[in-house]
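K.L.:
Got a structure for you, questions after.
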Amino acid sequence: MSEAIDWFVRHGYRPYRVSAHQLKWRSLSYYPSTGTVRPDDAPSVKVKGLAALEQAMCDLLGEQTLPLGMESMPQDAIRSTTDRTLEL
């Protein structure tokens, strides 16, 4: 989970921690333990992992490569990965 949150932060995006197993960004859910990417109201993406998440984000943004995001994240929220929910 912390690796996935760090990935989002490095890329400048702000995920919401829905549960101990799920991160949410816009209409995408990411499950770090399995690498599953699931768009809302759609089946899971067949490819798994952070590369699949990056591609799904590019598709959602209509970009060929993932642009650096500008979604600020409070420093105290970045490391609160042991909490059930990240309060952003």
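K.L.:
What are the pairs with Cβ atoms under 6 angstrom where one residue, in segment 5-17, is farther than 15 Å from Ser27 by Cα and the other, located anywhere, is in a helix (DSSP H, G or I)? Sequence gap at least six, or different chains.
P.N.:
Going by the 6 Å Cβ cut-off, the qualifying pairs are Trp7/Leu50; Val9/Ile78.
K.L.:
Please count how many residues of segment 49-69 are in a loop (DSSP other than H, G, I, E, B) and either under 17 Å from Ala4 (Cβ atoms) or polar (S, T, N, Q) (or both).
P.N.:
5
K.L.:
Scan segment 16-28 for residues that are out of contact with any Ser or Thr (no Cβ under 8 Å at 6 or more places or on another chain) and either of a type in the set (Gly, Ala, Ser) or in a loop (DSSP other than H, G, I, E, B) (or both) and jot them down.
P.N.:
If the condition is that a residue be out of contact with any Ser or Thr (no Cβ under 8 Å at 6 or more places or on another chain) and either of a type in the set (Gly, Ala, Ser) or in a loop (DSSP other than H, G, I, E, B) (or both), then Ala20, Arg26, Ser27 are the ones that fit.
K.L.:
Kindly evaluate Gly49 against the criterion of being open to solvent by less than 10 Å² (accessible area, probe 1.4 Å), within 11 Å of the chain's Cα centre (by Cα) and not β-branched (Val, Ile, Thr).
P.N.:
Criteria not met by Gly49.
K.L.:
In segment 27-46, what count of residues is obtained for those that are within 19 Å of Gly69 (Cβ to Cβ) and either touching a Leu at 6+ places or on another chain (Cβ under 6 Å) or crowded, with 18+ Cβ neighbours inside 10 Å (or both)?
P.N.:
6
K.L.:
Then there is this: Mind counting the residues in segment 1-18 that are open to solvent by 20 Å² or more (accessible area, probe 1.4 Å), of a type in the set (A, V, I, L, M, F, W, C) and within 15 Å of Thr36 (Cα to Cα)?
P.N.:
Residues that pass the stated criteria total 2.
The values are calculated or read from the model by the stated rules, or taken from the named source; none is laboratory data. Remember, predicted model here, so these are calculated numbers, not experimental data. Quick reminder, even Gly has a Cβ in these numbers, built from the backbone with ideal geometry, and neighbours come from all protein chains shown. Side chains are part of the model used for accessible areas, which takes the heavy atoms of the whole protein and leaves out ligands, DNA and RNA. Shrake-Rupley method; radii C 1.70, N 1.55, O 1.52, S 1.80 Å.
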